[in-house]
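Comments concern the structure below.
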Amino acid sequence: MRCFECGGEVIQTLGSVRMTKKDGSLIIFKGITLSQCRQCGEQYIPGKWAEKIGELMRKEDTLVPQEIISVPVIALG
C-alpha cells in the first residue's frame with residue numbers, strides 16, 4: 001500500500017487513536033494495529049478498528065478507563 005498523502009511506503013505499526021468526547025475531553029484508544037506512512041507519518045485506521053472505536057464513542061458515557069494520564073495544555077490566545 002502507498003500513502004494517499006505523499007505516496008510513501010505504508011507499514012503496519014502499533015499505535016493509538018485520540019478522540020474527543022462530546023464534553024470536549026480527550027480519550028485515547030491504545031494498542032491498535034495501524035497502517036502508517038514511513039515518509040510523512042500519516043496514519044490509517046483499519047476498518048475493523050474504526051468501527052469498534054465508533055461503536056465505543058457512541059456509548060462514551062459507559063466507557064471505563066484502564067488508565068488516566070495528565071496532559072499539559074498551553075493556551076496561545
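Below are the figures for this structure:
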| quantity | calculated |
| --- | --- |
| Mean Cα-pair separation over length for the chain, i.e. relative contact order, pairs under 8 Å, 6 or more apart, % | 23 percent |
| Ellipticity estimate at 222 nm from DSSP helix runs (n ≥ 4, -39,500 (n - 2.57)) divided over the chain, nearest 500 | -5000 deg cm²/dmol |
| About the Cα centre, charge dipole magnitude for the chain (Lys/Arg +1, Asp/Glu -1 at Cβ), debye | 80 debye |
| Choice from Glu42, Glu67, Glu55 with maximal GNM fluctuation in the chain (Cα, 10 Å cutoff) | Glu67 |
| Translational D in µm²/s for the chain (Stokes-Einstein at 4 °C, 1.567 mPa s, Kirkwood Rh from C-alpha pairs) | 90 µm²/s |
| Selected from Thr13, Thr62, Thr33 as most flexible by GNM, with the chain as the system and alpha-carbon contacts under 10 Å | Thr62 |
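No value in this document is a laboratory result; all are computed from the given coordinates. Just so it is clear, the structure is predicted and the values come from calculations on it, not from any experiment. When we count neighbours, we look across all protein chains shown, and the Cβ atoms used for this are built from the backbone with ideal geometry, even at glycine.
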